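Down below is the structure, laid out as structure tokens.
The values are calculated or read from the model by the stated rules, or taken from the named source; none is laboratory data. The shown structure was predicted, so the numbers you read here are calculated from the model rather than taken from an experiment. Counting neighbours? That spans all protein chains shown, and the Cβs are built from the backbone with ideal geometry, glycine included. Calculation scope for accessible area: heavy atoms of the full protein, side chains included, ligands and nucleic acids excluded. Shrake-Rupley method; radii C 1.70, N 1.55, O 1.52, S 1.80 Å.
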Amino acid sequence: MEMQTEFLAEIVDHLPEGMIVMDKERTILYLNEKAFGMTGWKLGDKVPYCTYCQERDVEENENRCILTTDDPIPFFNSHLAVYEDLEEFEMSLKKMMISEELYYVLRIRPPVQNENSERARFHELLVQETLLAQEAERKRIAMELHDHIGQSVYSIFLGLEVIKQNISDEKYQKHVTNMVNVMEKTLQDIKRLTKSLRPEIVYDIGLEKSLVQAVKDWKKLYQIEIFLDMEIDREKELDPEKELHLFRIIQESITNSVRHGKATYFSIHLKSNYQYIFFQLYDNGNGFISGGCKTKGLGLKHMYERCKMLDGDIKWISKEGGPTRVEGFVSLIRAEGERI
């Protein structure tokens with residue numbers, strides 16, 4: 001039996017990926033040679049939280065590590081603090097109960113580049129082109145609404161105002177007044193749709209100020225309370241196209257919360273760390289069963305795909321009856337030679 005144990009230990013030691021056993025306090029009880037070589041950690045050290053989990057806002061009694069949730073994602077890419085500053089790893093975690101004690105087996109390896117990942121990358125590029133084409137079409141429709149339809153409706157509105165001032169018959173005066181009110185509301189709807197389709201303000205004044213303005217618009221549109229909290233490093237120059245994608249993720253989330261979840265409260269939290277912006281979106285709506293939601297529903301799928309395009313990830317934490325929390329991270333800094 002002792003020989004078998006030594007043999008198995010030697011096999012684990014020479015696995016091509018890092019294996020780490022830790023207790024519920026994240027104290028390292030065992031790590032193989034690969035894990036030591038990649039991290040420099042030693043027995044008795046505490047495994048640090050990855051950069052993503054460090055920025056998570058967690059509820060009372062909730063584990064900060066996203067891989068320990070009741071509905072964990074199978075694999076997760078993020079950065080860990082190692083002996084050479086920060087290093088990106090693909091991670092997975094397995095919970096184990098031994099003698100009524102909880103242990104975690106953490107598996108780490110460099111991000112994998114193989115046939116499957118190349119296929120996934122090709123799929124991401126197709127999705128990226130689709131979303132870019134979608135944004136271009138939104139821009140065209142927004143311009144059409146503003147420059148042609150909006151102007152035509154405004155001309156009719158002015159004409160009705162002139163007619164209204166020159167009608168003495170009370171019956172027709174009332175009828176024209178109703179028409180003027182309808183045209184005024186139509187103009188407001190066109191303005192709202194134009195801003196929704198193509199928030200050019202993101203390009204003009206950046207993500208932060210755009211969200212401040214958007215929150216005011218969303219409060220009026222949806223008649224709900226919205227809280228906005230942002231801690232973004234202003235010294236870092238962010239890519240406007242990428243900012244727009246993050247704006248769309250937040251926009252889609254609040255739309256889902258109100259239309260499907262019947263939420264009356266929504267909060268937006270953004271915080272930058274290194275090249276990433278971490279986001280957490282919360283609503284008090286009806287909630288839903290969140291398992292596999294990255295592939296269910298076009299809106300949720302687009303949120304997921306946008307995050308992947310931005311070298312990030314997203315997770316929905318919800319249940320029937322609510323509440324719902326959406327959390328994730330994206331990279332908004334353009335790498336040299338990159339096109340989004």
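The table below lists the values:
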quantity	calculated
Extreme residue, least open to solvent (accessible area, probe 1.4 Å), among residues of the range 272-299 that are at pLDDT 85 or above and outside any strand (DSSP E or B)	G285
Per-region count, the range 50-68, residues more than 17 Å from H269 (Cα to Cα) and either open to solvent by less than 70 Å² (accessible area, probe 1.4 Å) or assigned to a helix (DSSP H, G or I) (or both)	7
So Q173, is it modelled with pLDDT under 75 and in contact with a helix residue (DSSP H, G or I) (Cβ under 9 Å, 6 or more places away or on another chain)	no
Options N32, N77; residue that is in contact with an Asp or Glu (Cβ under 6 Å, 6 or more places away or on another chain), of a type outside the set (S, T, Y) and open to solvent by less than 30 Å² (accessible area, probe 1.4 Å)	N32
Test for V162: is it of a type outside the set (S, T, N, Q) and at pLDDT 80 or above	no
Residue that is nearest to A35 (Cα to Cα), among those in the range 91-117 that are out of contact with any Leu (no Cβ under 9 Å at 6 or more places or on another chain) and modelled with pLDDT of 85 or more	R109
Boolean, S210 is closer than 26 Å to N284 by Cβ and either in a strand (DSSP E or B) or at pLDDT 80 or above (or both)	yes
Flag if V153 is in a helix (DSSP H, G or I), hydrophobic (A, V, I, L, M, F, W, C) and either modelled with pLDDT of 80 or more or surrounded by 16 or more Cβ atoms within 10 Å (Cβ to Cβ) (or both)	yes
Count - residues of the range 236-271 that are open to solvent by 30 Å² or more (accessible area, probe 1.4 Å) and either assigned to a strand (DSSP E or B) or at pLDDT 85 or above (or both)	9
Residue ID - most open to solvent (accessible area, probe 1.4 Å), chosen from residues in the range 215-235 that are assigned to a helix (DSSP H, G or I) and touching a Lys or Arg at 6+ places or on another chain (Cβ under 8 Å)	L221
Test: residue in the range 215-234 that is at pLDDT 85 or above, closer than 16 Å to S318 by Cα and of a type in the set (S, T, Y)	no
